[in-house]
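S.K.: Got a structure here, written out as structure tokens. Questions coming.
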Amino acid sequence: MKDRYFSELGYYEAKAKLNKQYCQMFQIVIIVFSVMTPIFLSINVEILQTGAILLSGAVAITTSVLSTFKFQENWLNYRSVAESLKKEKSFYDSKNCEYEIADDPEKMFIFKVENLISKEHDVWVNYYQTRKVPSKLGDGSS
């Protein structure tokens, strides 16, 4: 029980942290480059105006990366699952809520933890199935 619980909790916490870092990093790049672009354009120096064009392209690419990889959504989803797992462990340890009257609190805990993990997995699978990515290159599906 504890091996599975702690490994899953560690996984969700690590994934939440990583997605948060990526989200914030890309957002900072967008903010900084967006502010620098008009400044570079306002200075009548050819190299800075070329730099502004490159910065604009970098903003578009960075925005696309954020949209494609959904770092913020993933961060919030992983954090939500991690917090739900912590809450469930707290209820189990203190024998609160349903655990107080359960015939087998450990079995109930395992069921609830697996249910939380399963729901998150289902969300992930549904997201990728709705993206309609072709299964083979050149198979004509979209």
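S.K.: Look at region 21-80 and say how many of its residues are among the charged types (D, E, K, R), within 29 Å of Val123 (Cβ to Cβ) and assigned to a helix (DSSP H, G or I).
M.R.: Total meeting the criteria: 2.
S.K.: Let me ask another. Answer yes or no: is there a residue in region 3-18 that is under 28 Å from Tyr128 (Cα atoms), among the basic types (Lys, Arg), at pLDDT below 95 and assigned to a helix (DSSP H, G or I). Working first, answer last.
M.R.: Going through region 3-18, the residues under 28 Å from Tyr128 (Cα atoms) turn out to be 4-18.
Now drop any that are not among the basic types (Lys, Arg), which leaves 4, 15, 17.
Keeping just the survivors that are at pLDDT below 95 gives 4.
Filter once more, so that each one left must be assigned to a helix (DSSP H, G or I): 4.
Yes, some residue in region 3-18 is under 28 Å from Tyr128 (Cα atoms), among the basic types (Lys, Arg), at pLDDT below 95 and assigned to a helix (DSSP H, G or I).
S.K.: Which pairs do you get when a residue that is free of Cβ contacts under 8 Å to residues at least 60 places away in the same chain, found in region 56-71, comes within reach of a residue that is part of a helix (DSSP H, G or I) and polar (S, T, N, Q), reach meaning Cβ atoms under 8 angstrom, with the pair 6+ apart or on two chains?
M.R.: If the second residue must be part of a helix (DSSP H, G or I) and polar (S, T, N, Q), the pairs left are Ser56/Thr37; Val59/Ser34; Val59/Thr37; Leu66/Gln27; Leu66/Gln72; Phe71/Asn19.
S.K.: Follow-up. Within region 81-109, restricting attention to residues that are of a type in the set (S, T, N, Q) and either part of a helix (DSSP H, G or I) or in contact (Cβ under 8 Å) with a residue 24 or more places away in the chain (or both), which residue is surrounded by the most Cβ atoms within 10 Å (Cβ to Cβ)?
M.R.: Ser84
S.K.: With the structure loaded, tell me whether Trp75 is at pLDDT 95 or above and within 21 Å of Ala14 (Cα to Cα) or whether it fails that test.
M.R.: yes
S.K.: Is it the case that some residue within region 110-127 is free of Cβ contacts under 8 Å to residues at least 40 places away in the same chain, exposed (fewer than 11 other Cβ atoms within 10 Å of the Cβ) and of a type in the set (Lys, Arg)?
M.R.: No: zero hits.
The values are calculated or read from the model by the stated rules, or taken from the named source; none is laboratory data. Computed from a predicted structure; not experimentally measured. Cβ atoms come from the backbone with ideal geometry, glycine included; neighbour counts cover every protein chain shown.
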